[in-house]
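Okay, so here's the structure we're looking at.
The values are calculated or read from the model by the stated rules, or taken from the named source; none is laboratory data. These numbers were taken from a predicted model, which means no experiment stands behind them. Glycine gets a Cβ as well: all are built from the backbone with ideal geometry, and neighbour counts include every protein chain shown.
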Amino acid sequence: MNKYWHVIKIGIQNTLVYRTNFLFRAGFSLVPLMATILLWRTIYAQSSGMVGSYTLDGMISYYLLITIVDALTAVNEDDWQIASDIKDGNISQFLLKPIDYMSYRLCLFFSGRIVFTVLSVLPVGLFIFYWREQLTAPPDLPTFGWFLISTALAGMLQFMMSFIMALLAFWLLEVSTVIFIVFAFEYIAGGHLFPLNILPAPLAQFLNYTPFPYQLFFPVSIYLGQARGADLWRGLALQTAWVAIFYVLARAVWNRGIRKYAAVGG
């Protein structure tokens with residue numbers, strides 16, 4: 001495990017080179033969030049005070065929590081770097097050393113999340129402080145604990161899905177189209193654009209059996225106290241199952257891709 005801990009430390013050092021970029025990225029990401037919140041305030045001003053099961057404070061809390069979970073779990077160019085390693089033949093070095101490439105990339109993903117989260121504290125923290133009166137607290141401490149566990153699983157799920165998409169570089173010359181298509185589904189069906197439980201019930205129930213809600217929506221629904229009892233256990237079981245499925249799939253795709261992989265040149 002010492003070698004992977006060393007990878008994490010190197011990843012943190014390398015990522016800190018782009019600290020200014022991350023800081024500005026975190027800051028400018030708040031602009032569309034502010035526009036979204038103002039849009040919902042206008043909608044609530046014209047409504048009876050409830051949209052689905054959300055009050056105005058509940059809706060604002062939802063988007064603030066989505067921002068927090070996204071900062072903790074989102075993949076930041078890891079898929080592009082993995083695809084580039086395959087196309088450029090950089091993975092050859094890992095085939096000759098006692099290091100697992102997936103574990104190596106997971107360590108880099110973890111180190112990147114550490115740096116981005118730390119740099120996001122200032123702009124995101126100030127934004128949340130401004131809206132602190134609308135941010136609701138979790139119902140109890142165990143709920144907050146399950147929220148943290150679900151957030152960690154969401155990060156693993158996002159990484160595994162991105163890893164698999166990047167491994168398509170073994171067969172495709174350019175994987176950007178596939179990555180953008182999957183990202184579009186994640187953005188809509190993951191709850192980033194709007195809460196999924198304001199959709200018609202049949203559609204919302206169908207989405208609950210796909211992996212996308214467990215990337216953002218489900219952890220936030222736990223925090224807000226919307227996933228309780230049987231819904232909580234069912235959701236955690238499905239989220240864990242999707243992580244396990246994509247892990248097994250990632251291993252299978254990697255093993256198959258390595259058989260096809262060929263590096264030439266000196």
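So the values come out like this:
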| item | result |
| --- | --- |
| Candidate set from segment 137-154 (those that are among the β-branched types (V, I, T) and crowded, with 17+ Cβ neighbours inside 10 Å); member that is farthest from L216 (Cα to Cα) | T143 |
| Candidate set from segment 73-85 (those that are surrounded by fewer than 18 Cβ atoms within 10 Å (Cβ to Cβ) and at pLDDT 85 or above); member that is farthest from Y223 (Cα to Cα) | S84 |
| Residue in segment 86-100 that is in a helix (DSSP H, G or I), among the acidic types (D, E), modelled with pLDDT under 90 and buried (at least 17 other Cβ atoms within 10 Å of the Cβ) present | no |
| Residue list for segment 111-126, restricted to those being within 17 Å of L65 (Cβ to Cβ), in contact with a Ser or Thr (Cβ under 9 Å, 6 or more places away or on another chain) and of a type in the set (A, V, I, L, M) | V124 |
| Spans of helices (runs of 4 or more DSSP H) in segment 154-227 with at least 3 residues under 21 Å from P139 (Cα atoms) | 217-223 |
